[in-house]
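Worksheet: the structure to be examined is printed underneath.
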Amino acid sequence: MNNAQVETPSSLISEVSEVEIVKTTISAEIIPKSKNKFPKDAIRTSLKASTIDGIFAGIFGITTGGILLSNFLVELGASPMAFGLLASIPMVVNLIQPLGAYISERFHSRCQYSLLIYAPSRLIWLILVIGIAAFSQKFIDSQQLVALTLLIVLVSHLWGGLGSASWLSWIATLVHRRLRGRYFGIRNSVASLTNLICVPMAGFAVSHWNGGTLQGYGVALFTGILFGVMSLACQYFKLDINPQAQNAVVTDAKNLDVTSNRQIADVNLISQPKFWQSIRKDTNFLMFLLYFSVWMFAVNLCNPFFNLYMLDTLNLDISWVTVYSSLQAGANMLMLILWGRLADKIGNRSLLFFVGILVAIAPLLWLGIGYTSQDMWLWLPMLHVFLGGTGAAIDLCGNNMQLEVAPLRNQSIYFATIAAVAGVCGAFGTILGGFLVQINFCGGLLGLFVFSTIFRLIALLPLIFVQESRGQSFIQVFQIFQPFRLRLRG
């Protein structure tokens, strides 16, 4: 990785000075404050700190979710409904994000609010470490430990959900819209590299721990909590934002007409309508919200059960599953930079639609996989590489589109609205999926994969009506790639 020539977050800062400054009708007293608020060195330091924060937070996420937590519940004999609840809790608690966004806009510091929210939500996992120790000493049984785990997941995500929208608004302010594709591509690829390295190491350590896999997970969880605390320390190196000062200047992004002549943006200083009235009138935002909500329902209908399928139905060892997860993270890492560049070139909407078709049919690829040497050595690795590569585009472009459709004023509340509505839909999909698997509806897991594909394809339809500034239309995208198609034919 040291020899690879890739753009770093700091190299992107040099491009900020090349971005043309848009003239407005705002009074001279406001302009200097706005310009001096974001010095070049401070932004460079902030982006580096955000990238390091992503690494440490990624390690914390590995130990408090994903394959390690799923295997922990499998070892405890948890039911499919428990897995459905485990996957649905992070989405259900998104309902609290509008409240968190509202509270964050009353603070004078994004940094202080972030620390106030994320420190308790991470330290609470220490209770599960104590619970695992109590289970080892026979003080509690497995079902009590499962209930404790789900309760900690609920409280942790419930408290952390209060800060998600504020964090996204914070980082959106620091990263210029023309650089978001590349920066988030690089940041997410670094996080994927962390998964690529840490997931198999953690899986191997847990499965080969002398005291058993449950104690091994307890040690891994405690280590992850330490990294989670380290990620909070990175917040001090990021440029702090005052939400109230940010909302004092209202810029209507929809009036920004970015053309080859770089027309000047209109700035609306007239008082805005009430928030919910403005949302109802914003059809572009509503169409994206419809797409994102149905997509979350369709994806979470079966995605949380892929690990259950491998660990329970195929009876694979956790070491194999972590290797597959690492392959998926590796493909995700390699493709993120490419998707980021492509998103900056043709737009996020087009990638969401065309790559979304590939992701939609992905559940069907699980139908023919069984417990054979060919499946374990060939098809499962190829499937996870495919899921990692295509999923990178969906995650990156979906995040960028949220930044695109949300106006600057009360931005965090728009983010919270998307997360809340989509979270409820995703949670409903997960709970419904767990229920259908438990009653063995239409073949259990395999039938669920088919239903997910159908709903994923339906979810893509609203994207046709979503507008993106600086984004290419579907026809223009076809024209851009026409020379490549002709070369392949030739």
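How many percent of all Cα-Cα pairs in the range 280-370 sit more than 15 Å apart? Numbers along the way, then the final one.
Working: 2994 of 4095 pairs.
Roughly 73 percent, rounded to a whole number.
Positive end of the charge dipole of the range 329-442 (Lys, Arg +1 and Asp, Glu -1 on Cβ, about the Cα centre): tell me which of GLN411, MET335, MET376 has its Cα farthest that way.
GLN411
Where in the range 348-363 does the amide nitrogen come within less than 20 Å of the point 7 Å from the Cα of ARG470, taken along Cα to Cβ?
348-353
When only C-alpha pairs under 8 Å and at least 6 residues apart count, what is the relative contact order of the range 294-412, in percent? Please report the intermediate quantities before stating the final value.
Numbers: 80 pairs, mean separation 45.8, N = 119.
RCO, the range 294-412: 39 percent.
On average over all directions, what projected area in square nanometres does the range 53-181 have, based on the convex hull of its Cα atoms?
Details: hull surface 36.2 nm².
Result: a mean projected hull area of 9.1 nm².
How big is D for the range 289-448, in µm² s⁻¹ as a whole number, if Stokes-Einstein is applied with the Kirkwood radius of its Cα pairs at 37 °C and 0.692 mPa s?
193 µm²/s
How would PHE306, PHE465, PHE107 line up from fewest to most surrounding beta-carbon atoms within 10 angstrom?
Numbers: PHE306 21, PHE465 13, PHE107 16.
The fewest-first ordering by Cβ neighbours comes to PHE465, PHE107, PHE306.
Cα extents of the range 375-438 along the three principal axes, largest first, in whole Å?
Principal-axis extents of the range 375-438 (Cα, largest first): 51, 30, 11 Å.
May I have the extent of the alpha carbons of the range 201-248 along their three principal axes, as whole Å values ordered from largest to smallest?
58, 17, 14
Read-outs: derived from the displayed coordinates by stated rules, not from any lab. As the structure is a prediction and not an experimental result, all values here were calculated from the model. Counting neighbours? That spans all protein chains shown, and the Cβs are built from the backbone with ideal geometry, glycine included.
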